[in-house]
Each structure stands twice: as C-alpha cells, then as structure tokens.
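Comments concern the structure below.
The values are calculated or read from the model by the stated rules, or taken from the named source; none is laboratory data. Since this is a predicted model, take the numbers as computed values, not measurements. Neighbour counts run over all protein chains shown; Cβ positions are idealised from the backbone, glycine included. Note: accessible area is taken over every heavy atom of the protein model, side chains too, but ligands, DNA and RNA are not part of it. Shrake-Rupley method; radii C 1.70, N 1.55, O 1.52, S 1.80 Å.
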Amino acid sequence: PTFVENAAPVVPVVTKAVNAAAACLDTKTESAKKWENFSFASIRESTVSRAMTTRYFKDMYDYAESDVVIVGAGSCGLSAAYKLAKARPDLKIAIIEAMVSPGGGAWLGGQLFSAMVMRTSTNKAAESFLEEIGVPYETEDQYIVVKHAALFTSTLLSKVLQFPNVKLFNATSVEDLITRKDENGNLRMAGVVTNWTLVTMHHDDQSCMDPNTINAPVIISTTGHDGPTGAFSIKRLVSIGAYEKLGGMRGLDMKMAEDQIVKGTREVVPGMIIGGMELAEADGSCRMGPIFGSMALSGVRAAEIACEIIEE
Ligand code: AHZ
C-alpha cells in the first residue's frame with residue numbers, strides 16, 4: 001500500500017470495506033454450514049457407463065419394432081409426436097433426430113429474434129394447441145405471440161419426452177427407407193435405416209460403416225426444407241421412383257404457404273406421411289419464413305392421419 005500523508009478520509013473507507021468483507025464472510029459461513037456434511041453417494045465409473053448403455057441398448061432393442069417412426073424433431077415432428085403419443089398410449093413411437101439438440105428451427109423466430117408468431121384461424125387450432133401444452137401467449141388482432149420460441153420448443157419437448165411410449169434417438173440420422181412390395185407390386189414403407197449422424201457424415205471418407213434398422217408400418221417424415229440434411233424422405237422417394245418429382249420449395253408467401261402446408265399434410269406413399277417444410281419441397285409450395293402455426297398444425301394433422309392409417 002502507498003502511504004499518503006494526511007490520509008484521514010481513507011480510514012473510514014477502509015473500515016467500511018473491512019466491515020463489508022466481514023458481513024460477506026458471515027454469509028459464506030452460513031452457506032458453508034448448510035453444506036458441510038454434503039457428499040455424493042460413492043460410485044464406480046463403470047456403474048455410470050452401465051446405467052446409460054443398458055438403458056440405451058434396451059431402447060434400441062425395444063424400438064427396433066416400432067409402430068410409428070417420426071423423422072426429424074423440429075416444430076412439426078415434435079407436435080406430431082405429442083398428439084400421437086397422447087392419443088395412442090399403446091403405440092411405440094421412435095423419434096429420430098439427426099442433430100444432438102432436438103427442436104430444428106424452432107428455438108428462435110425470424111432473423112434470430114425471440115418471439116414466435118402464429119396466425120389465428122377459423123378453428124383457433126393454434127390457440128388450442130398452445131393451451132393444451134401449457135404455453136402462454138399474447139393475443140393480437142390476426143395473430144398470437146409466444147414470448148420466446150424456446151419456451152414453445154422446450155415445453156413441447158419436455159412433454160413429448162415424458163410420454164412412456166416415446167423414445168427420442170438424437171444424434172442419429174435416417175439414411176434410407178425400408179420398403180416392401182405388396183401382392184399387387186405396390187411399394188409401401190416398412191421402416192427406416194439409421195446411423196449415428198457422425199457416421200452418416202463420414203461415408204465418403206470411411207468404408208464399410210453399415211447402418212442399423214427400425215421396422216415400422218408408419219413413418220412421419222418432417223425433416224424440414226432442403227439443406228445439408230433436409231427434405232430427406234421425399235428426395236429418397238423420388239430417387240427410388242416412388243414419388244414423381246420434387247416440387248422444390250418456392251419463394252416466400254406467408255399467407256398462401258401456411259394453409260397449403262396444413263391442408264396438404266398427407267400420406268404421400270403408403271406408410272409415409274410428410275409434414276412441415278418437407279412438404280413444401282414435395283409439392284413445390286411457398287416457404288412461409290418466420291411464422292410457426294402451420295408447422296405445429298401440420299404435426300397435429302400428421303398425428304391424426306397416422307391414427308387413421310393404424311385404425312384401418
Ligand atoms: O436436424 C433436422 C431438424 O431438427 C432433422 N432432420 C433432417 N434430416 C434428417 C434425417 N434424419 C433425422 N435424415 C433429420 N433427422 O429434421 C428436423 C427438421 O426440423 P425443421 O424445424 O427444419 O423443420 P419443420 O418442418 O418442423 O419446421 C420448419 C420451420 C421453417 S419454415 C422456414 C421457411 O419458410 O423458411 N424455415 C424453417 C426452419
């Protein structure tokens with residue numbers, strides 16, 4: 001410390017600091033007292049490993065035969081999973097998501113802004129869905145607003161993951177489709193071919209990394225618009241001649257695009273329902289940009305259609 005002559009005013013400041021530090025120490029002491037007997041239960045590292053791997057491999061074993069596979073856990077896929085798992089607790093539903101973090105494009109609104117906007121509609125379906133999953137919203141004239149897209153996605157995700165009949169395999173990609181021909185020679189879906197996404201990304205520089213499979217009579221594909229991973233199933237259906245041609249997503253027309261996606265959600269090939277922005281790639285309809293009602297409601301419709309197919 002530097003000695004300053006006539007430093008009288010410094011003394012009270014120092015005294016105050018000492019008193020404040022003492023008060024702080026007292027608080028820490030209180031906290032320390034509360035935690036002084038704290039200790040985690042003893043564990044061996046291999047126990048942690050076995051706790052994870054036995055569960056994961058049991059899930060893989062159980063879900064190798066699923067009732068419905070949902071490809072892509074964006075706003076459309078998660079909405080479909082929620083409605084389907086709730087309506088049919090007897091069905092085994094596997095969700096395959098290529099990314100480590102599920103949610104697709106629904107963690108933020110447009111241009112990385114926070115709010116999620118949905119349009120109101122004739123049947124107020126967006127409002128009903130948000131109320132059903134417990135997400136609060138503000139009401140404006142023609143639209144409603146969830147204060148943060150992450151609130152919608154995290155709430156929906158937490159509900160989906162709590163259903164006992166749902167398993168999310170994230171960091172896992174669908175690499176191909178399993179197909180069968182019926183007695184009339186018509187193609188139908190019989191499941192999906194999967195791999196760890198990190199493996200999927202390295203087929204060009206590593207050889208012989210065969211995939212895994214999941215059999216299921218119904219697939220709901222919601223892999224989003226074209227991009228590094230998007231529009232997966234519809235592109236594969238075109239390449240195997242099961243769907244005529246890729247429409248290709250058109251320019252943005254929010255007003256038109258949203259109705260088209262909700263109304264157009266359908267079984268495009270027996271056993272394959274397409275929803276969300278993947279459908280814009282299939283049909284050549286417009287993109288809608290930063291608005292999300294049609295994604296959630298396309299998921300709701302995909303779940304209804306899956307129930308109808310399974311009940312047939
Ligand atoms: O990682 C992808 C994302 O989470 C996942 N996915 C894609 N290909 C996959 C594959 N296997 C497994 N082969 C795969 N998972 O699918 C998810 C798609 O989510 P998304 O949010 O992109 O699609 P969505 O249709 O639910 O919502 C799209 C929302 C819109 S509209 C729009 C525009 O008009 O510009 N842009 C977006 C993002």
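Assess whether Thr155 counts as being modelled with pLDDT of 95 or more, of a type in the set (Ser, Thr, Tyr) and within 27 Å of Asp67 (Cβ to Cβ). First the steps, then the outcome.
On the way: modelled with pLDDT of 95 or more: yes; of a type in the set (Ser, Thr, Tyr): yes; within 27 Å of Asp67 (Cβ to Cβ): yes.
In short, yes.
Which condition number in (1) open to solvent by 70 Å² or more (accessible area, probe 1.4 Å); (2) of a type in the set (Lys, Arg); (3) over 17 Å from the mean Cα position of the chain (by Cα) is the one that Lys159 fails?
(3)
Checking Glu278 against (1) farther than 18 Å from Thr229 by Cα; (2) in contact (Cβ under 8 Å) with a residue 24 or more places away in the chain, only one condition comes out false. Which one?
If we test Glu278 against (1) farther than 18 Å from Thr229 by Cα; (2) in contact (Cβ under 8 Å) with a residue 24 or more places away in the chain, just (1) comes out false.
Conditions first: (1) of a type outside the set (A, V, I, L, M, F, W, C); (2) within 10 Å of the ligand (Cβ to nearest atom); (3) over 12 Å from Val160 (Cα atoms). Ser66 passes all but one, so which condition is the exception?
With respect to (1) of a type outside the set (A, V, I, L, M, F, W, C); (2) within 10 Å of the ligand (Cβ to nearest atom); (3) over 12 Å from Val160 (Cα atoms), Ser66 is out only on (2).
Taking the stretch 250-294 as the region of interest, how many residues are touching a Cys at 6+ places or on another chain (Cβ under 7 Å) and more than 21 Å from Leu237 (Cβ to Cβ)?
Matching residues across the stretch 250-294 total 5.
Mind checking which residues of the stretch 177-211 are basic (Lys, Arg) and free of Cβ contacts under 8 Å to residues at least 24 places away in the same chain?
Arg180, Lys181, listed by residue number.
Considering (1) open to solvent by 10 Å² or more (accessible area, probe 1.4 Å); (2) in contact with an Asp or Glu (Cβ under 7 Å, 6 or more places away or on another chain), say which one Tyr56 fails and leave the rest.
(2)
For the stretch 133-156, check the following and say yes or no: at least one residue is in contact (Cβ under 8 Å) with a residue 12 or more places away in the chain, of a type in the set (D, E, K, R) and buried (at least 20 other Cβ atoms within 10 Å of the Cβ).
Within the stretch 133-156, not a single residue is in contact (Cβ under 8 Å) with a residue 12 or more places away in the chain, of a type in the set (D, E, K, R) and buried (at least 20 other Cβ atoms within 10 Å of the Cβ).
Of everything in the stretch 121-132 that's part of a helix (DSSP H, G or I) and open to solvent by 20 Å² or more (accessible area, probe 1.4 Å), which residue is nearest to Pro228 (Cα to Cα)?
Restricting attention to the stretch 121-132, the residues satisfying the condition of being part of a helix (DSSP H, G or I) are 125-132.
Next, only the ones that are open to solvent by 20 Å² or more (accessible area, probe 1.4 Å) stay: 125, 128, 131-132.
Working: Ala125: 32, Ser128: 34, Glu131: 34, Glu132: 33 Å.
In this case the residue turns out to be Ala125.
Mind checking which residues of the stretch 214-239 are open to solvent by 70 Å² or more (accessible area, probe 1.4 Å) and under 21 Å from Ile309 (Cβ atoms)?
Once the filter is applied, which keeps residues that are open to solvent by 70 Å² or more (accessible area, probe 1.4 Å) and under 21 Å from Ile309 (Cβ atoms), the stretch 214-239 yields only Arg236.
Among the residues that make up the stretch 97-107, is at least one of them within 15 Å of the ligand (Cβ to nearest atom), farther than 30 Å from Ile310 by Cβ and either at pLDDT 95 or above or more than 19 Å from the chain's Cα centre (by Cα) (or both)? Reasoning before the result, please.
Going through the stretch 97-107, the residues within 15 Å of the ligand (Cβ to nearest atom) turn out to be 97-107.
Now drop any that are not farther than 30 Å from Ile310 by Cβ, which leaves 100, 107.
Still in the running and either at pLDDT 95 or above or more than 19 Å from the chain's Cα centre (by Cα) (or both): 100, 107.
Yes; the residues of the stretch 97-107 include at least one that is within 15 Å of the ligand (Cβ to nearest atom), farther than 30 Å from Ile310 by Cβ and either at pLDDT 95 or above or more than 19 Å from the chain's Cα centre (by Cα) (or both).
Sort out which residues of the stretch 181-195 are basic (Lys, Arg) and either under 17 Å from Ile234 (Cβ atoms) or surrounded by 14 or more Cβ atoms within 10 Å (Cβ to Cβ) (or both), and write them in order of number.
Taking the stretch 181-195 and keeping what is basic (Lys, Arg), we get 181, 188.
Arg188, the sole residue that qualifies.
Can you tell me which residue within the stretch 133-156, out of those that are under 22 Å from Gly289 (Cβ atoms) and assigned to a loop (DSSP other than H, G, I, E, B), is farthest from the chain's Cα centre (by Cα)?
Per the stated criteria, the residue is Asp141.
Identify all residues within the stretch 212-244 that are without any contact (Cβ under 8 Å) to a residue 40 or more places away in the chain and under 19 Å from Thr265 (Cβ atoms); write none if there are none.
As a first pass, look at the stretch 212-244 and keep what is without any contact (Cβ under 8 Å) to a residue 40 or more places away in the chain: 227-228, 238-239, 241, 243-244.
Selection gives Val238, Tyr243, Glu244.
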